[in-house]
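The values are calculated or read from the model by the stated rules, or taken from the named source; none is laboratory data. Worth saying up front: this structure is predicted, and the values here are computed from it rather than measured. With ideal geometry, Cβ positions are generated from the backbone for all residues, glycine too; neighbour counts draw on all protein chains shown.
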Amino acid sequence: MREHQPLSYTELIGELHALVAAGCTGVMFIRTESDHSVRIGLQNGRVVSCNYRMFQQQKAISLIRQIRSGKYAFKQGVPSLVFGEALPANFDFFRELAGEPSLSPLVARQEGAAGATDLRLSGGELFEAVVHELTVYLGPIARMVATEYEQALRSATSGEQVRAVVFQLAQEIGEAQPANEFETHILSLVSSWQCPVDS
């Protein structure tokens with residue numbers, strides 16, 4: 001965790017995702033580059049409230065997407081729940097923060113460059129990360145299931161290639177919510193979130 005350090009929007013969302021993945025309960029406080037305050041409440045790893053200054057929930061999400069950088073702190077404890085408009089499930093919440101609610105947040109940034117990759121993990125590291133995460137959902141058979149997709153994972157060089165394989169792997173989990181969580185977590189681990197440029 002990199003609390004109290006200047007971070008880019010992508011890094012801030014990565015830190016939030018890490019708190020969610022760890023099943024944390026508490027409030028993530030963000031101070032933006034414009035000196036605005038953001039509060040995101042978590043309950044056992046589920047995003048339950050979201051405020052940007054005086055704005056809440058969906059309006060807050062649209063404003064959060066405009067953040068370019070900031071610092072954050074996480075305070076453990078029961079967050080103050082915001083009643084009224086419900087937040088989307090974590091999977092869709094992170095998609096909306098990526099600025100593409102109907103698409104995966106994974107965006108290839110270097111298309112057309114020969115041999116280029118936009119992946120933080122690739123080859124054997126990528127495969128092992130997938131096996132590790134899949135074990136949470138499938139237990140000891142995870143490696144056997146992942147082996148069927150090993151060649152495609154090891155040879156992937158772009159976010160879109162990984163997304164296609166991970167989507168197929170997620171279907172092996174069987175239940176929609178765990179499958180979505182697995183897909184989102186892997187995609188955020190291996191590739192960079194891209195913040196849309198303000199018009």
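With the requirement that a residue be assigned to a helix (DSSP H, G or I) and free of Cβ contacts under 8 Å to residues at least 60 places away in the same chain, what does the range 17-42 give you?
18, 19
Name the pairs: first residue in the range 43-59 and not assigned by TED's automatic domain parsing to the domain that holds residue 24 and surrounded by fewer than 18 Cβ atoms within 10 Å (Cβ to Cβ), second residue outside any strand (DSSP E or B) and among the β-branched types (Val, Ile, Thr), Cβ to Cβ under 7 Å, at least 6 apart or on different chains?
Close Cβ pairs (under 7 Å, with a partner that is outside any strand (DSSP E or B) and among the β-branched types (Val, Ile, Thr)) do not exist here.
Can you tell me which residue within the range 161-188, out of those that are at pLDDT 75 or above and among the small types (Gly, Ala, Ser), is farthest from residue 23 (Cα to Cα)?
Ranking the qualifying residues of the range 161-188, first place goes to 164.
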